[in-house]
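Have a look at the structure below, then the notes.
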Amino acid sequence: MRYIPNSPDERAEMLRQIGVSSTENLFDSVPGDLRLRGPLNVPSALSELELLKKFDAMADRNDAARRISFLGAGAYSHYTPTIVDHLISRSEFLTAYTPYQPEISQGTLQAIFEFQTLVCQLTGMDIANASMYDGSTAMAEAVLMAERVTHRSKVIASSAIHPEYLDVAHTYVQHAGIELQHSPYDSESGATSPDSLTGLDDKTAAVVVQSPNFFGCIEDIQALSDKVHAVGALLIVVVTEAVSFGLLRSPGACGADIVVAEGQSFGVPLSFGGPYVGLFATREKYARQIPGRLVGEAYDEKGRRGFVLTLATREQHIRREKATSNICTNEGLIALAATIYLETMGPRGIAEAAGQCTQKAHYAARRISGVEGFSLPFSAPFFNEFVVRAPVEAALLLATLARERGIDGGIALSRYDASRPNDFLVCVTETNTREQIDALVESLS
Amino acid sequence: MISKVTTHLSHNEQLIFERSQPGRAGFSLPPLDVDEAALDEIIPRQFQRDDNLTGMPEVTEVDVIRHFTRMSTWNYSIDQGMYPLGSCTMKYNSRLNEKVARIAGFANLHPLASEAEAQGALQVIYELQQYLAEITGLPGISLQPAAGAHGEMTGVMIIRAFIDARDGKEKSAQRRTMLIPDSAHGTNPASAHLSGFTVKTIKSTAEGLTDLDHLRELCGHGDVAGLMLTNPNTLGLFERNIREICDIVHNAGGLVYMDGANMNALVGVARPGDMGVDVIHLNLHKTFSTPHGGGGPGSGPCCCTKELERFLPVPRIVAQTSVCDSATDPKNEHRLKSVPLRLDFNHPQSIGRVKAFYGNYGMMLRALAYILTHGRDGLREATEAAVLNARYIAYGLVSDYEKPFDSPPMHEVVFTDKKQSRKGVHTLDIAKRLIDYGFHPMTIYFPLIVSGAMLIEPTESVGRQELDQFIDAMRSIAREALEDPELVLNAPHSTRIGRLDEAAAARKPVLRWKPKMSGKEPLAVGRA
Amino acid sequence: MANVPDNLHYSKDHEWVRVDGDTAIIGITDHAQEQLGDVVYVELPKAGESFAGNESFGSVESVKAVSEIFTPVSGEVTDVNESLNDEPEKVNKDPYGEGWMIKMKMSAPAEVDSLLTSAEYEDFTKAEE
């Protein structure tokens, strides 16, 4: 087997040297009745050629990967500069371990320090960790953190948050003694009004809101923040479309206490849902309550600057059951990809990408709302996603569009909410050309 | 040792923010091709960013390439050599797997694409599920958890759900104790806590195995929901009484969770399902070779018995009708092609979602490629080679380092610094000195029950010459510890920076770059 | 050799108590700070909080470890050494002096009698090794 350096002969020699009579004897400590007598019931080995053929055949069946796409809802098609994949494929980044030995991991550590800095800059917060698994688990961890910080057990989450994110949060809090309530969104605007937070009181640990929300609507974070802080609760803001940071006022500037986001838009392929990367940022005063890894600056005795994993006493390997989280990995390589993306794009590139996303989305919205029978049910301002109401069942309409026109026009909301059979969510990014948008509009007519 | 004449330019690479020059840009986007509306009209001014993203670095593409290429040279990595990190299974990260993960039909596929249009993607998940079920002997499986600790949380929540369902809310409230060995990884108690359990610790015997008497005693109070253990355990020893351990826990009304971190000693040799284990998590980034990437991403599938299947996270990926046995006839794609695979949400007793979408899909692709590249014989061969390599190292070091347990180790072996500490040299120093010999240090100070622990796991990916080099290096350090301890105490000597003052870093944490940083101006590394 | 002053009382959790009338001044011992290594952070309660004997009132963190600290006696916290926020290293440098952590008004001063003397504590730490 070509990945095993020692040939069978070499292994036989090694066995002799250490005084073990046969390979079987290496497993003497495993009771005989537990040892498998025959090989596993998996296929025999495939050569590289055969393997690639098999995977190519499977990939070919994924028609959706080849289509013009207006799909969003937590995963976004953006253009990734060529050098991102090239740099993360370097052995020294790809095959390196967690940087527990800082002297030989400075590449990884400095990259994470830059990542943490960039996340702070985009979110408008003081400190950021080295990343979480994704946006949904980052949000769940933010909820747990709010309970730790405030010692209160009620959390109110807007129903305009991505339904899958809400599901994950419910899973995380089910045994944590936290009551997770939902507050309604305004059916006219599509946004969350501060007045709708009827359960908000001095037993509330946090209010969670997504902006732009699941329907693409921009929330008024400042207004929500004032109301939430008045009772001493924390405001957690969730962002699924990270490119929006390039154009919208940062949640930190609007009063957020914890900001979590999905970083997939920053140079990470769609890859059927993962691996992605969760951003997690908060205020300096909560530094010791934040979950996940943190990289800090440090100096050696000659005064040379380096970087090191720090404040590890929050983490599971030291604090064990009293840890701020059980998390052990960050999304290392994906965080690196996001870092390289952000540094390559730079402030102007990100602003430009964000600007194009919103201009193209508004162009699409204008044109679609001009098609007979179609309307935009929500009035709140949006960034690059918006809900369209069709005159027919959305799921069927979209399936027809895909089959006959080769366009994935959006996501039917009936997937998550049976009371919205005719609504679908459209996402437009800088990768959608005018021709594609026009083709979508034509096919809807 | 020959020292370098000059220090290379790459050693002086600063933070990107310190490279930034106003006006530089590295991006390339086509011009806007739609009618541009006035921004204030589509997005109210109050919602717009007004800080121009100041502070974000302005650099060109060349700056970025040089920056990260130089930084990469500061890292040790598997491609360079062995990582003898116990409990991490640092095996070869195949580039073929990288190619597979980048195939456009997977890489460009949106997770919310309709099922009918993502059958190929679902097939990958379905096949991987089947093979992992076969490897573990546990038929229920979810690939949704994104990492080992995540899979652990999932598994422990499943135990909680089972007991709540079996005993009813009132009675199950009596069962809130999770038993965890004193040798366990820190994620174990942390995960137990997330499921509302309190932890009680089980002692290990002098042999390094679970103390059965203590286990029986702890199981006698009627409050045990389960036991979390690792097998082989974190000392690299197989729990030969595993069947009895599972019986004791089952008879006491609890379930057995196995931390699958050490599966590299078991694949093709023995199966957790056969041992009586109820639920396990796997680490695709350990046993199944997906790359560590400097700290992630991982993937932590959760496997369980048929009885526990109904509690698995949703959605589950299932086949519409029964499918032909692709395991025995993998090249017959036609039958599998015609059977629709779908997302099944209809599991009212599920613990819920643990992550948006389906899990770290890119790692599933790689793990499936790993399994198919090895095949049934290669998988077993890898396990055998991994255990042999660890045993070889144990044999080579036993005269120079104290080996606290006599039993032959499986895929990893633990030593202590007892022989060296008499001269003032400790595990940390040995680890740092190993860097000078060109190796990444082994796992240190874990498991906690061994004082000054050095846990060594070579994996199957290391050749004999390199094993010999490692053994020689360790033996040389043992000699240095006696004859020239200063050399070891001040190690490493050969790296770009020396040991960092972690205490100062933790007292006054600086966790981000800020413009015009006060305090020490960082020295260019070459100057010292 | 760790320092074990005579005029103090000790607990098996490695805290010391100096008695001043009704007040107990509490900190961790030289042995404890040696074991922990460089202290980077001390988590302390607020004045006004009450604790029973052997209750955890905070924690001490080094780079690689964290330890809970337990009050050897019961009472109400009257004073907290805020300077440890900026200079946690005082716990290492002067554990019995500037490294003091809290002052308590004892609710049951007789509890002091069940604590260890310096000689008993010294024996205790030797036995632990």
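The values are calculated or read from the model by the stated rules, or taken from the named source; none is laboratory data. These numbers were taken from a predicted model, which means no experiment stands behind them. Heads up, the Cβs are rebuilt from the backbone with ideal geometry, glycines too, and the neighbour counts pull from every protein chain shown.
Per-structure values
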| quantity | calculated |
| --- | --- |
| Residues of region C:13-45 satisfying the condition of being within 23 Å of C:M106 (Cα to Cα) and in contact with a Lys or Arg (Cβ under 6 Å, 6 or more places away or on another chain) | C:D22, C:T23, C:I25 |
| Flag for B:L229 being crowded, with 24+ Cβ neighbours inside 10 Å, under 19 Å from B:A385 (Cα atoms), out of contact with any Gly (no Cβ under 8 Å at 6 or more places or on another chain) and in the same structural domain as B:N188 (by TED's automatic domain parsing) | no |
| Cross-chain or 6+ apart pairs with Cβ under 6 Å, region A:66-90 first and more than 8 Å from every other protein chain (Cβ to nearest Cβ), then outside any loop (DSSP other than H, G, I, E, B) and of a type in the set (S, T, N, Q) | A:I68/A:Q436 |
| Single condition B:P458 does not satisfy, out of (1) modelled with pLDDT under 95; (2) surrounded by 22 or more Cβ atoms within 10 Å (Cβ to Cβ) | (1) |
| Output for region B:419-450, where each listed residue is free of Cβ contacts under 8 Å to residues at least 40 places away in the same chain and either assigned to a loop (DSSP other than H, G, I, E, B) or outside the structural domain of B:E466 (by TED's automatic domain parsing) (or both) | B:R422, B:H426, B:Y445 |
| Some residue of region A:233-246 being surrounded by 24 or more Cβ atoms within 10 Å (Cβ to Cβ), within 13 Å of the chain's Cα centre (by Cα), assigned to a loop (DSSP other than H, G, I, E, B) and modelled with pLDDT of 95 or more | yes |
| Residues (out of contact with any Asp or Glu (no Cβ under 7 Å at 6 or more places or on another chain) and not in a loop (DSSP other than H, G, I, E, B)) located in region B:455-473 | B:Q465, B:E466, B:L467, B:D468, B:Q469, B:F470, B:I471, B:D472, B:A473 |
| Breaking point among (1) farther than 30 Å from B:T290 by Cβ; (2) facing chain A (nearest Cβ under 7 Å); (3) in contact with an Asp or Glu (Cβ under 8 Å, 6 or more places away or on another chain); (4) among the polar types (S, T, N, Q), for B:N75 | (1) |
| Candidate set from region B:153-186 (those that are over 20 Å from B:E217 (Cβ atoms) and touching a Gly at 6+ places or on another chain (Cβ under 7 Å)); member that is farthest from the other protein chains (Cβ to nearest Cβ) | B:I159 |
| Single residue of region A:120-158 satisfying the filter (touching a helix residue (DSSP H, G or I) at 6+ places or on another chain (Cβ under 9 Å) and of a type in the set (S, T, Y)) that is farthest from the other protein chains (Cβ to nearest Cβ) | A:S158 |
| Condition met for A:V392 (out of contact with any strand residue (DSSP E or B) (no Cβ under 9 Å at 6 or more places or on another chain), β-branched (V, I, T) and farther than 25 Å from A:Y79 by Cα) | yes |
| B:M454 being outside the structural domain of B:E207 (by TED's automatic domain parsing), in contact with a strand residue (DSSP E or B) (Cβ under 7 Å, 6 or more places away or on another chain) and more than 30 Å from A:L49 (Cα to Cα) | yes |
| Residue list for region B:483-502, filter: aliphatic (A, V, I, L, M) and either at pLDDT below 95 or not in a helix (DSSP H, G or I) (or both) | B:A491, B:I497, B:L500 |
| Filtered residues of region C:2-31 (kept if outside any strand (DSSP E or B) and under 16 Å from C:G58 (Cα atoms)) | C:S11, C:D13, C:H14, C:T29 |
| Test: residue in region A:103-119 that is closer than 22 Å to A:E219 by Cβ, more than 16 Å from the chain's Cα centre (by Cα), at pLDDT 95 or above and at the interface with another protein chain (Cβ under 9 Å from one of its Cβ atoms) | no |
| Residue check, A:T80 surrounded by fewer than 24 Cβ atoms within 10 Å (Cβ to Cβ) and under 24 Å from A:G216 (Cβ atoms) | yes |
| Residue pairs meeting the criteria (Cβ under 9 Å; at least 6 apart or on separate chains; first on the phi < 0 side of the Ramachandran plot and free of Cβ contacts under 8 Å to residues at least 24 places away in the same chain, in region A:399-422; second of a type in the set (D, E) and surrounded by fewer than 17 Cβ atoms within 10 Å (Cβ to Cβ)) | A:A412/A:E393; A:S414/A:E393 |
| Some residue of region B:254-271 being more than 14 Å from every other protein chain (Cβ to nearest Cβ) and hydrophobic (A, V, I, L, M, F, W, C) | yes |
| Sole residue being at negative phi, without any contact (Cβ under 8 Å) to a residue 24 or more places away in the chain and not in a helix (DSSP H, G or I), chosen from A:A130, A:A96, A:A160 | A:A96 |
| Filtered residues of region A:344-364 (kept if in contact with a helix residue (DSSP H, G or I) (Cβ under 8 Å, 6 or more places away or on another chain) and more than 7 Å from chain B (Cβ to nearest Cβ)) | A:A354, A:G355, A:C357, A:A364 |
| Count of region C:71-89 residues which are farther than 13 Å from C:E43 by Cβ, out of contact with any Lys or Arg (no Cβ under 6 Å at 6 or more places or on another chain), of a type outside the set (S, T, N, Q) and in contact (Cβ under 8 Å) with a residue 12 or more places away in the chain | 4 |
| From the options B:R45, B:R24, B:R102, residue that is closer than 30 Å to A:A395 by Cα and more than 7 Å from every other protein chain (Cβ to nearest Cβ) | B:R102 |
| Any hit, region B:86-95, residues being among the aromatic types (F, W, Y), within 22 Å of A:S47 (Cβ to Cβ) and out of contact with any strand residue (DSSP E or B) (no Cβ under 9 Å at 6 or more places or on another chain) | yes |
| Selection status of B:L284, farther than 29 Å from A:T108 by Cβ and either more than 10 Å from chain A (Cβ to nearest Cβ) or assigned to a loop (DSSP other than H, G, I, E, B) (or both) | no |
| Tally of residues being at pLDDT 95 or above, part of a helix (DSSP H, G or I) and over 18 Å from A:A354 (Cα atoms) across region A:411-444 | 11 |
| Qualifying positions in region A:12-38 - among the small types (G, A, S), over 21 Å from B:L397 (Cβ atoms) and either part of a loop (DSSP other than H, G, I, E, B) or in contact with a Phe, Trp or Tyr (Cβ under 8 Å, 6 or more places away or on another chain) (or both) | A:S21, A:S22, A:G38 |
| Counted residues, region B:234-253 - those being away from chain A (no Cβ under 11 Å) and within 27 Å of the chain's Cα centre (by Cα) | 4 |
